[in-house]
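A.B. asks: One structure is given below, represented as structure tokens, and several questions about it will come after.
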Amino acid sequence: MRLLIYLPLLIPALAAVAARPLAARLEPREATWLLTAATVILAGCSTVALALLVASAAAQVPAVAELRHYSQPVLHRGDPTSAITGAVAALVLTGAALAVAITFRRRARALAESYRRAARLHDDGTVVVVPGPAVEAYALPGAPGRIVISGRLFQALDEPGRTALLAHERAHLAGRHHLFTTVAYLAAAANPVLLPLARTVDYTVERWADEHAARVTGDRRLVAATIGQVAMLATPAARPAAAAALGIVTTRPRRVPARSRRISVAWAGPVPRRVAALLAPPPRTRAVLLAAAVLVVLLAGASALQAARDLHALLELAHGIH
Amino acid sequence: MPDDSPRHALGEPPEAARRPAGALEAEVLAVLRAAGTPLSPGQVRERLAARGQRELSYSTVVTIVSRLHAKGLLARERAGRGFAYTPLDAASLAAGQMNRALDGGADHRAVLSRFVSGLSGRDARVLRRLLTDDGPEQDGG
């Protein structure tokens, strides 16, 4: 049966659901590689599957069959793909190609702009403090890349806090994290079902940088507290309530619990999840989970290839009979 | 012949009266740079007087530091009921245009790895519970 051909279209939906729980359990660097590779492979598979649907439908069009000397009765016996499925697949495929092209153009422009901005900074330093009232810090990819911090944030942080923030941003630049997210979003443009995977890569590169900062400073709780402080500062609405509850508006929280308390962050946004992960023990490689995830991705790839071989065999057969 | 004399918006002081303001801004900046710590407008006023400058009114100093802050030359933080001001260094000033990097739309933001994103109200509550010893159920008193 040709149901196998629908598997590469089905597994992305499964992967989209599994991405976030996987990211919470895997070591961030491994999670980033796995999810980025999975997004690319699954997007490739679903594209191949769509192309096959189009091809097998097109082979049944009398004019095409005539042209290629295919036997129509054989084709119909072997493949239930209707002309409508083929037409829909062709439409979706065209849309996907367009989406990838648009995403590529936008990202390339944004990256070029980033490189230009980074190059325009004439001073030798990697770290640039920008005047202004914003609470903002980011890594600007470039050659060399820069770390930009708003003056207000820079002054709000104490020395250990600055060290933690800079170590985090340096990890982004050194690890070229923007390439992982760019590749993941490009792949997700080809198959929007994979968007949760790309968004999860956004999260795992943050975790990757957090863990790097924790290693550099040797203090996981310092990094957790700094993230909390900056997040509160950056959220005007959170400030008054937070100020009343704890003194982390202008200073880093001093009494961070030694162990993570039993607070569920499964449905929280990225910042509480990052803080909770830093308050927990350092992540370890989880070989079984990693292997299982790799296996599922490879299964999707294999099924797409199998479907391709089936189709090829069918066309050969039809060609022979005629 | 057309009238090309400068026109002023209502309430705008004429050019001659504005010129000293530029010099005053430079003086205020010099005082803040020499200080090394954030200064309130009152402290700036005292130090200007100590440097042998003519006495300025408190409101004039407030106006000058506010203008410098608006230009992105000074950072400020809350201090009591007002603000304390700190100058930003030359390298930072050269990078003033970088502020705009984050205004460039979703894709421009996407290539920048920001340290944190904003918090929703719920996230702020979860974060507070994560980072404090005393849970909300425990009474601090």
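A.B. asks: Take the residues of the range A:210-226 that are in a helix (DSSP H, G or I) and either out of contact with any helix residue (DSSP H, G or I) (no Cβ under 9 Å at 6 or more places or on another chain) or small (Gly, Ala, Ser) (or both): which is surrounded by the most Cβ atoms within 10 Å (Cβ to Cβ)?
C.D. replies: Of everything passing the filter in the range A:210-226, A:Ala224 is surrounded by the most Cβ atoms within 10 Å (Cβ to Cβ).
A.B. asks: If you take the residues of the range A:163-178 that are farther than 16 Å from A:Ala225 by Cβ and out of contact with any strand residue (DSSP E or B) (no Cβ under 8 Å at 6 or more places or on another chain), which of them is surrounded by the most Cβ atoms within 10 Å (Cβ to Cβ)?
C.D. replies: Among them, the one singled out is A:Ala171.
A.B. asks: Is there a residue in the range B:66-82 that is at pLDDT below 75, more than 17 Å from A:Val130 (Cβ to Cβ) and at the interface with chain A (Cβ under 7 Å from one of its Cβ atoms)?
C.D. replies: no
A.B. asks: Restricting the range B:31-43 to residues that are at pLDDT 85 or above and in a helix (DSSP H, G or I), which is nearest to the other protein chains (Cβ to nearest Cβ)?
C.D. replies: For the range B:31-43, the residue satisfying everything is B:Leu32.
One line per residue, one yes/no per condition, for (1) surrounded by fewer than 19 Cβ atoms within 10 Å (Cβ to Cβ); (2) at pLDDT 90 or above; (3) among the hydrophobic types (A, V, I, L, M, F, W, C):
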site: A:Leu3; (1), (2), (3): yes, no, yes
site: A:Ile11; (1), (2), (3): no, no, yes
site: A:Pro21; (1), (2), (3): yes, yes, no
site: A:Leu35; (1), (2), (3): no, yes, yes
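A.B. asks: If you don't mind, there's one more thing I want to ask. For residues in the range B:83-103 being over 16 Å from B:Ala30 (Cα atoms) and more than 7 Å from every other protein chain (Cβ to nearest Cβ), which is modelled with the highest pLDDT?
C.D. replies: Out of the qualifying residues, it is B:Phe83.
A.B. asks: Let me ask you something else. Does the range A:145-162 include one or more residues that are at pLDDT 85 or above, more than 25 Å from B:Tyr85 (Cα to Cα) and surrounded by 20 or more Cβ atoms within 10 Å (Cβ to Cβ)?
C.D. replies: yes
A.B. asks: Go through (1) within 23 Å of the chain's Cα centre (by Cα); (2) not in a loop (DSSP other than H, G, I, E, B) and name the single condition A:Ala118 misses.
C.D. replies: Result: A:Ala118 fails condition (1) only.
A.B. asks: I'm checking my understanding of the structure. Among residues of the range A:194-230 that are under 22 Å from A:Val135 (Cβ atoms) and of a type in the set (Lys, Arg), which one is modelled with the lowest pLDDT?
C.D. replies: A:Arg221
A.B. asks: Here is a check on your reading of the model: is A:Ala276 crowded, with 17+ Cβ neighbours inside 10 Å, at pLDDT 85 or above and under 20 Å from A:Leu222 (Cα atoms)?
C.D. replies: Judged against the criteria, A:Ala276 is a match.
A.B. asks: Hey, another quick one. When you go through A:Val128, A:Val148, A:Val135 one by one, which is the residue that is touching a helix residue (DSSP H, G or I) at 6+ places or on another chain (Cβ under 9 Å), within 11 Å of chain B (Cβ to nearest Cβ) and assigned to a loop (DSSP other than H, G, I, E, B)?
C.D. replies: A:Val135
The values are calculated or read from the model by the stated rules, or taken from the named source; none is laboratory data. For clarity, every value in this text was computed on a predicted model and none was experimentally measured. Heads up, the Cβs are rebuilt from the backbone with ideal geometry, glycines too, and the neighbour counts pull from every protein chain shown.
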